[in-house]
Amino acid sequence: GQNIDQPTEMTATEGAIVQINCTYQTSGFNGLFWYQQHAGEAPTFLSYNVLDGLEEKGRFSSFLSRSKGYSYLLLKELQMKDSASYLCAVNWPLRGGSYIPTFGRGTSLIVHP
Amino acid sequence: NAGVMQNPRHLVRRRGQEARLRCSPMKGHSHVYWYRQLPEEGLKFMVYLQKENIIDESGMPKERFSAEFPKEGPSILRIQQVVRGDSAAYFCASSPRQAGGQETQYFGPGTRLLVL
């Protein structure tokens, strides 16, 4: 892969705020996605960032710094149903030349009461 | 509008058999992507297809694996002579235009292949 790094696992308390970080190799970068994946289910789209700054969508926000090769996903007012894996994916040109999202290993978030 | 459909959802094969995984993209989507997900690992890109064309197969093993997306019918990922290491979840995604830029991929529920 192209060196996408995320923490393997995080735990947080219901009602709290959690920040999931993602760092990546910057060369060839063309946008970053965050997906949510519940166990045994399909990944579902959360956010897309291509410019620096914060994008807010309800309880979820995503931040990007292109010069630092860094993004985070911020989850507020955590609910039990937020327990899932959160996947960071970066658009890079593949060996075949296509820009296809390349996924990190994901961060498993456990929300407890 | 039905989402991305994959079948079967679960597939059990013995070593040496063939596995055929099917994916029907969302209505109006002509771009299909296959990914493999091993336990505790991320989604690994395998192949990107449009109708009747393989656009990028740089992530697909050169042997035993093939993919097609015919003019009519679903996309097929075919694994010949399966080995235990092929056991994984295989996800299909589709998009109306090439993913990249803001184009979002929509994922199917996956096929979980178990090779005995």
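Brief remarks follow.
- Any chance A:Gly15 is within 11 Å of chain B (Cβ to nearest Cβ), open to solvent by less than 70 Å² (accessible area, probe 1.4 Å) and out of contact with any helix residue (DSSP H, G or I) (no Cβ under 8 Å at 6 or more places or on another chain): no
- Matching option when the condition is within 12 Å of chain B (Cβ to nearest Cβ), open to solvent by 50 Å² or more (accessible area, probe 1.4 Å) and in contact (Cβ under 8 Å) with a residue 24 or more places away in the chain, among A:Tyr99, A:Tyr70: A:Tyr99
- Looking at A:Asp82, A:Asp5, just one residue is out of contact with any helix residue (DSSP H, G or I) (no Cβ under 6 Å at 6 or more places or on another chain) and open to solvent by less than 30 Å² (accessible area, probe 1.4 Å), and that residue is A:Asp82.
- Filter result for A:Ser47 (under 30 Å from B:Arg9 (Cβ atoms), open to solvent by less than 50 Å² (accessible area, probe 1.4 Å) and out of contact with any helix residue (DSSP H, G or I) (no Cβ under 6 Å at 6 or more places or on another chain)): yes
- Identity of the residue in the stretch B:37-59, acidic (Asp, Glu) and within 9 Å of another protein chain (Cβ to nearest Cβ), that ends up farthest from A:Leu94 (Cα to Cα): B:Glu40
Table: residues versus (1) closer than 19 Å to A:Ile4 by Cβ; (2) among the acidic types (Asp, Glu); (3) within 14 Å of the chain's Cα centre (by Cα).
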{"residue": "A:Glu56", "(1), (2), (3)": "no, yes, yes"}
{"residue": "A:Arg59", "(1), (2), (3)": "no, no, no"}
{"residue": "A:Leu73", "(1), (2), (3)": "yes, no, yes"}
{"residue": "A:Val90", "(1), (2), (3)": "yes, no, yes"}
{"residue": "A:Thr102", "(1), (2), (3)": "yes, no, yes"}
{"residue": "A:Arg105", "(1), (2), (3)": "yes, no, yes"}
{"residue": "A:Ser108", "(1), (2), (3)": "yes, no, yes"}
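- Consider the stretch A:22-43 and keep the residues that are under 29 Å from B:Val4 (Cα atoms) and open to solvent by 60 Å² or more (accessible area, probe 1.4 Å). The one that is nearest to the other protein chains (Cβ to nearest Cβ) is A:Glu41.
- Single unsatisfied condition, A:Leu54 versus (1) open to solvent by less than 20 Å² (accessible area, probe 1.4 Å); (2) farther than 26 Å from B:Lys44 by Cα; (3) among the aliphatic types (A, V, I, L, M): (1)
- Scanning the stretch B:1-25 for residues that are within 17 Å of B:Lys51 (Cα to Cα) and among the small types (Gly, Ala, Ser) returns a single hit, B:Ser24.
- Residue satisfying condition, being touching a residue at least 12 places away in the same chain (Cβ under 8 Å), closer than 21 Å to A:Asn30 by Cβ, within 14 Å of chain A (Cβ to nearest Cβ) and in a strand (DSSP E or B), within set B:Ala93, B:Ala67, B:Ala89: B:Ala93
- Check on B:Phe107, closer than 16 Å to A:Ser98 by Cβ, open to solvent by less than 80 Å² (accessible area, probe 1.4 Å), among the hydrophobic types (A, V, I, L, M, F, W, C) and within 15 Å of the chain's Cα centre (by Cα): no
- Test: A:Ser108 is in a strand (DSSP E or B), closer than 27 Å to B:Ala89 by Cα, within 11 Å of chain B (Cβ to nearest Cβ) and modelled with pLDDT of 95 or more: yes
- All of B:Val32, B:Val12 fail the test of being touching a Pro at 6+ places or on another chain (Cβ under 7 Å) and touching a residue at least 60 places away in the same chain (Cβ under 8 Å), apart from B:Val32.
- Of the residues making up the stretch A:25-54, those that are within 11 Å of the chain's Cα centre (by Cα) and of a type in the set (Phe, Trp, Tyr) are A:Phe33, A:Trp34, A:Tyr35, A:Phe45, A:Tyr48.
- Screening B:Leu114 with (1) more than 8 Å from chain A (Cβ to nearest Cβ); (2) modelled with pLDDT of 95 or more; (3) open to solvent by less than 20 Å² (accessible area, probe 1.4 Å) gives one miss only, at (3).
The values are calculated or read from the model by the stated rules, or taken from the named source; none is laboratory data. This is a predicted model, so every value here is computed, not measured. Cβ: placed from backbone, ideal geometry, glycine included. Neighbour counts: every protein chain shown. What goes into the accessible areas is simple: the full protein's heavy atoms, side chains included, and nothing from ligands, DNA or RNA. Shrake-Rupley method; radii C 1.70, N 1.55, O 1.52, S 1.80 Å.
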